Each structure stands twice: as C-alpha cells, then as structure tokens.
1. Sort out which residues of the range 323-338 are under 25 Å from LEU191 (Cβ atoms) and surrounded by 13 or more Cβ atoms within 10 Å (Cβ to Cβ), and write them in order of number.
2. In the range 100-127, how many are part of a loop (DSSP other than H, G, I, E, B) and either of a type in the set (A, V, I, L, M, F, W, C) or buried (at least 24 other Cβ atoms within 10 Å of the Cβ) (or both)?
3. Of the residues THR262, THR299, which single one is among the hydroxyl-bearing types (Ser, Thr, Tyr) and not in a strand (DSSP E or B)?
4. Residues in the range 228-248: is at least one among the β-branched types (Val, Ile, Thr) and buried (at least 18 other Cβ atoms within 10 Å of the Cβ)?
5. Scanning for something within 30 Å of LYS123 (Cα to Cα) and either crowded, with 21+ Cβ neighbours inside 10 Å or in the same structural domain as SER156 (by TED's automatic domain parsing) (or both), does the range 339-349 turn up at least one residue?
6. Could you tell me how many of the residues in the range 160-205 are out of contact with any Gly (no Cβ under 6 Å at 6 or more places or on another chain), of a type in the set (Phe, Trp, Tyr) and within 14 Å of ALA248 (Cα to Cα)?
7. Can you list residue pairs whose Cβ atoms sit under 6 Å apart, with the first residue in the range 212-232 being under 24 Å from LEU122 (Cα atoms) and the second being in a loop (DSSP other than H, G, I, E, B) and of a type in the set (Gly, Ala, Ser)? Count only pairs 6 or more apart in sequence or on different chains.
Amino acid sequence: MLAQTPPMGWNSWNTFGDNIDEALIRDTIDVFVNEGLRDAGYTYVVIDDLWAADKRVNGRLTWDTAKFPNGIKALSDYAHSQGLKFGMYSCAGTHTCGNQLASYGHEEIDAQTFAEWGVDFLKYDYCHVPAGVNGPMLFRRMGQALRATGRPIVYSICEWGTNKPWEWGAQAGGHMWRTTGDIADSWESILDIGFQRQAELAPYAGPGHWNDPDMLVVGMYGKGNVAQGGCTDAEYRCHFALWCLLAAPLMIGCDVRSMNQTTRDILLNHELIAVNQDPLGRQGYRVGQVDYAYEIAETWAKPLLDGSIAVGMFNLGKRQQRLVSAPWESLGLHPERACQVRDLWTGENLGVFTACFSAHVASHDVTMIKITPIA
C-alpha cells in the first residue's frame, strides 16, 4: 500500500518555477544523499510545471530538450540509483498552469508514459479545465489510468480544495489532495492555510490518504517563486511543527543546495519527523484557542501509536512572550494522570507533570512537546 505515512520529499516549484533543468535536479538528488535528507525520510524528488516540450511526439508528452538534454528517464534512473524516488507534474485541463500541454483527453497515454519513465509520484493540477466539465471526474479518470499502468505511483490531487477533495479524493485513487490554494513564503499565508483552514479536516486523513496544505516554505527567506517577504526562523518552526502535527506531506520547497544550519535543524529534526510519520496516521487537531485582543494562542494535539500525544503550543500573536497551556482534560487525559513531558526540539525530558503543562512561548513561535502517560 502506497503512502501509509505522509509522503516526504522536495518539489521544484516554490523556489525555482520555470528555472529548472537537469543539473538542478541531479544536484538536488546529490544533496538529499549528502545532507542526510534521504536518510531522514525525504524520499521523493519532484519536477513541477514547465518541464515539457511545446508539442507531443507520436501522441506523447515529451521534455524540453534544452532543459533536459538526456531526458526524463535518465533523471528517474539517477534518483533510483541513489535510493530515492522520482516525481513529475501534469494537469487535468488542456494546459498546465504554466500554459504547457496537459493531460485532458490523454490520461491513459500520459499515465503510461510516466510509468515508462519510472515515475513514482504524480502531482496533478487543475488549470484550464474546459467549461462544464466535472472536475472530480477528471481526477478519477487519471487515477484509473495510473492504476492501469501497474506501476505504484503516488497520486497527488492538486485542485486547491475547490470541490472538497477530502470527500472524494481517496475514491478517485488519490493518496493526497490539496486542501487550499498555493502557499506563499509569508506568516500570513501560514496562518491562513495552516491554522485557519485545516482544523476541521482531521476526519478525512489516514494511512494512504492525506490532506495536503501545500509544500513547505521553510528556509526560503523571501527568495524564489513564491516569495512574499519571507518568514523568520521562529515562523518556520511554527510552520514545520504544525505540518508535522497535521500529518501533512512534507515536501521541501527551498533550495536544499544552500540550506543554512537553522534550516537543516528544522527539516532534519527526527523527533518532529517521527510525529509526522507516526504509523497510527492520525491528523492533529486544535484543542485550545485563547484570543485576547487578537493576541492568539493555540494548542494542537496529535495522538500517537504508542499512547503518547504530540502537542504544539503556538503563540500566534505579536506579544513578545505569553504563557500557553495544555490542560490534560483537553487531551483526553485524567487530570491526576502523571505524564512525562519531552521537548521535541531539544530532545530534553522536562519532567513528570499532572493536570497541565504550560510554557512561555515567544511571538510567532512554538513549544513542541510529547506527553507520555506513565504506566
């Protein structure tokens, strides 16, 4: 079964947009190996839009030879030789969002082409769909075509939440589906897409089918294709912690060739990744929200297979520091239950607590803990 935990990897769009080529993808694959991203669980290297030639050849999509002189199959083979998996992009409409040829009316031959290239992941977008055509039907059509190839291909439905894909995406063959429009490298985008739009979607996620609030902007610092001023390191920590609690796919969007140490520390934190990849497959949910004159604090929780609970305590307001609490009763624990509390950023055991755990959290930052009942 594919995608039994949320897919992890990298996608070219956030930073590079149209500026993609063979050398970039090969370099990214090398960095995945050399920087420990592969060993941390980041598996898929995905080429997004603007890779294709202007015309089909014998009815098939083909690549821009100026960008990819050795072809897509050679890149796929290289990814596989390095212990990674390889992803591509197409669209349910007549053209992609970047106005290249797409898969409307060509689903079967395109799926077969991707399979022959050794593709392991397909992001399937929703631009230029003909008027009056049923969108969910188009995604079902490509899902069927992918299954018919016989190749295991993770199917990422990218229709931006337009038709509530969380309600039908799994039946369409999807393993993940976008729940919102595109993310931007800004605190406002993280607040909107992450904290505001995901809270009601937990019932629709689980092993093999995941809500997707879009790619990570961690480490972009206002550079690249979706830049909007950039975030602080604290805001990137909030972003990553929430995506881990949401059991969201973790698709890196920065230029991994130039990561600084803070970006590495966030993306490679094995205890947060373990929360995201926990085999129970529960999506986290909001368990507390306090709003004093728009100075918002939120607490989110994610039950884990071993009986512990991952908890994110977020200060979303501008106040430099505020107290954020996680009462046991909000987590389904008896207030007298003794629990070990562990800081997941530092790996430090903070002690045994009952009833509640509280922490002072800086503005736009998060305290990320694991609460483990003591037998």
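The values are calculated or read from the model by the stated rules, or taken from the named source; none is laboratory data. Because the structure is predicted, anything quoted here is derived from the model rather than measured. Cβ sites come from the backbone with ideal geometry, for glycine too, and all protein chains shown count toward neighbours.
1. Of everything in the range 323-338, those that are under 25 Å from LEU191 (Cβ atoms) and surrounded by 13 or more Cβ atoms within 10 Å (Cβ to Cβ) turn out to be VAL324, SER325, ALA326, PRO327, SER330, LEU331.
2. Filtering the range 100-127 down to residues part of a loop (DSSP other than H, G, I, E, B) leaves 100, 102-106, 117-120, 126-127.
Remaining after also requiring either of a type in the set (A, V, I, L, M, F, W, C) or buried (at least 24 other Cβ atoms within 10 Å of the Cβ) (or both): 102-103, 117, 119-120, 127.
Residues meeting the conditions: 6.
3. Details: THR299 fails: not in a strand (DSSP E or B).
Only one candidate qualifies: THR262.
4. no
5. Among the residues of the range 339-349, not one is within 30 Å of LYS123 (Cα to Cα) and either crowded, with 21+ Cβ neighbours inside 10 Å or in the same structural domain as SER156 (by TED's automatic domain parsing) (or both), which makes the answer no.
6. Going through the range 160-205 one residue at a time, the tally reaches 3.
7. Going by the 6 Å Cβ cut-off, the qualifying pairs are PRO213/ALA248; MET215/GLY253; LEU216/GLY253; VAL217/GLY253; ASN225/GLY17; VAL226/ALA184.
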